[in-house]
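Encoded as structure tokens, the structure appears first; notes follow it.
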Amino acid sequence: MIQAMKIPEGVPTLCTKDMAWTKEELKQSWGKQNAQTSCNSSQLPFSHHMANTHHKQLMEVHMTLHAIPLEMGFAPTQWEPMMDFELLKKLGVFDVELMRTIELMAAQYNMNNKRLGRIAMRHAEKYNLLPKEQCGSRKRHKSITCLLKKIFMCNVPRQLCLPLALMSNNAIKCYDYIIHNATSLSIQAVRIPHQPITAMFAILQNAIHHVLTAFGKSKQSYGGRKRQLKNELPLM
């Protein structure tokens, strides 16, 4: 893993100012959002942020609040509250094990994470830092191409009468178990500065989770700084 995380030579390192928003980028990004998208009820809704982009002074304040965590690498405490919300995978099936949990978080934090992902992927694509077999979350890559490769891979051993083992793995909880240290190293390996990465993971590690049901928001919470006081590792 350490070898894979080695920072390649000849690839320029982006600075924190490269991560900051411009007015045009911020306005365009919020303009593409759906005003009905849910976020944490204690935070300003998506529609509020979208409306801010149509006012010059509010837009400047809005851009500054977005940019400071990315450039300074800190986690605003007002972004820490999150709500766990259960979605039905099958209509009428309310078994918790068969439901999908999503996080309702601060809209600004969500938007900053999207920007970090776009910049990291764009920089990695520009300098050919991604393996050819990586088809997910990339432009000009389709799932049907990945399927075709698998068919060819199976056909060759069949024609040559060679043994082949194929594992079809459903990473059902992959996003619940992302290791923050390894993910941080992999993003830094494509020459992204540590400040925006620190800001992203600090929020996740300090997040105060409430559960949202049909009865409303739970009074009790879990995670966040409570775990730090007990000398427990952050949730990841």
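Out of all the residues in the range 77-92, which are without any contact (Cβ under 8 Å) to a residue 24 or more places away in the chain and either under 24 Å from K32 (Cβ atoms) or touching a strand residue (DSSP E or B) at 6+ places or on another chain (Cβ under 8 Å) (or both)?
Within the range 77-92, L87, L88, K89 qualify.
I need a count of the residues in the range 92-114 that are acidic (D, E) and either crowded, with 16+ Cβ neighbours inside 10 Å or in a loop (DSSP other than H, G, I, E, B) (or both).
Our first condition is that a residue be acidic (D, E); within the range 92-114, this holds for 95, 97, 103.
The next check asks that each one be either crowded, with 16+ Cβ neighbours inside 10 Å or in a loop (DSSP other than H, G, I, E, B) (or both); those that pass are 95.
Summing the residues that are acidic (D, E) and either crowded, with 16+ Cβ neighbours inside 10 Å or in a loop (DSSP other than H, G, I, E, B) (or both) in the range 92-114 gives 1.
Kindly establish whether L166 is part of a loop (DSSP other than H, G, I, E, B) and either exposed (fewer than 14 other Cβ atoms within 10 Å of the Cβ) or at pLDDT 85 or above (or both). Walk me through it before giving the result.
Values: part of a loop (DSSP other than H, G, I, E, B): yes; either exposed (fewer than 14 other Cβ atoms within 10 Å of the Cβ) or at pLDDT 85 or above (or both): yes.
Yes.
So D176 clears everything in (1) part of a helix (DSSP H, G or I); (2) more than 28 Å from E9 (Cβ to Cβ); (3) modelled with pLDDT of 90 or more; (4) not small (G, A, S) except one condition, right? Which one?
Failed condition: (3).
Report the residue count in the range 44-60 for those that are touching a residue at least 40 places away in the same chain (Cβ under 8 Å) and among the aliphatic types (A, V, I, L, M).
Selection size over the range 44-60: 1.
Six or more apart or on different chains, Cβ under 6 Å: which pairs go from a residue in the range 105-118 that's over 22 Å from F85 (Cβ atoms) to one that's assigned to a helix (DSSP H, G or I)? Could you list them?
L116/P196
Taking the stated definitions as given, is I179 under 19 Å from Q43 (Cα atoms) and touching a residue at least 24 places away in the same chain (Cβ under 8 Å)?
Details: under 19 Å from Q43 (Cα atoms): no; touching a residue at least 24 places away in the same chain (Cβ under 8 Å): yes.
Against the criterion (under 19 Å from Q43 (Cα atoms) and touching a residue at least 24 places away in the same chain (Cβ under 8 Å)), I179 does not qualify.
Given M105, M72, which one is at pLDDT 90 or above, within 17 Å of the chain's Cα centre (by Cα) and of a type in the set (A, V, I, L, M)?
On the way: M72 fails: within 17 Å of the chain's Cα centre (by Cα).
Being at pLDDT 90 or above, within 17 Å of the chain's Cα centre (by Cα) and of a type in the set (A, V, I, L, M) holds for just one of M105, M72, which is M105.
Give the residue, chosen from N231, N206, that is of a type outside the set (D, E, K, R) and free of Cβ contacts under 8 Å to residues at least 12 places away in the same chain. Don't jump to the end; show me each part of the working.
Details: N206 fails: free of Cβ contacts under 8 Å to residues at least 12 places away in the same chain.
On inspection, the qualifying residue turns out to be N231.
All but one of (1) under 18 Å from the mean Cα position of the chain (by Cα); (2) closer than 14 Å to I187 by Cβ; (3) not β-branched (V, I, T) hold for L129; state the number of the condition that does not hold.
(1)
For the range 1-52, name all the residues that are among the basic types (K, R) and modelled with pLDDT under 90.
Across the range 1-52, the qualifying residues are K6, K17, K23.
Does any residue of the range 28-43 turn out to be free of Cβ contacts under 8 Å to residues at least 12 places away in the same chain, more than 27 Å from S184 (Cα to Cα), over 20 Å from the mean Cα position of the chain (by Cα) and not in a loop (DSSP other than H, G, I, E, B)?
No, the range 28-43 contains no residue that is free of Cβ contacts under 8 Å to residues at least 12 places away in the same chain, more than 27 Å from S184 (Cα to Cα), over 20 Å from the mean Cα position of the chain (by Cα) and not in a loop (DSSP other than H, G, I, E, B).
Which is surrounded by fewer than 10 Cβ atoms within 10 Å (Cβ to Cβ) and closer than 24 Å to M83 by Cβ, of K230, K132, K139, K217? Talk me through it step by step, then tell me what you get.
Numbers: K132 fails: closer than 24 Å to M83 by Cβ; K139 fails: closer than 24 Å to M83 by Cβ; K217 fails: surrounded by fewer than 10 Cβ atoms within 10 Å (Cβ to Cβ).
Within the list K230, K132, K139, K217, the selection yields K230.
The values are calculated or read from the model by the stated rules, or taken from the named source; none is laboratory data. Predicted, not measured: the structure shown is a model, and the values here were computed from it. When we count neighbours, we look across all protein chains shown, and the Cβ atoms used for this are built from the backbone with ideal geometry, even at glycine.
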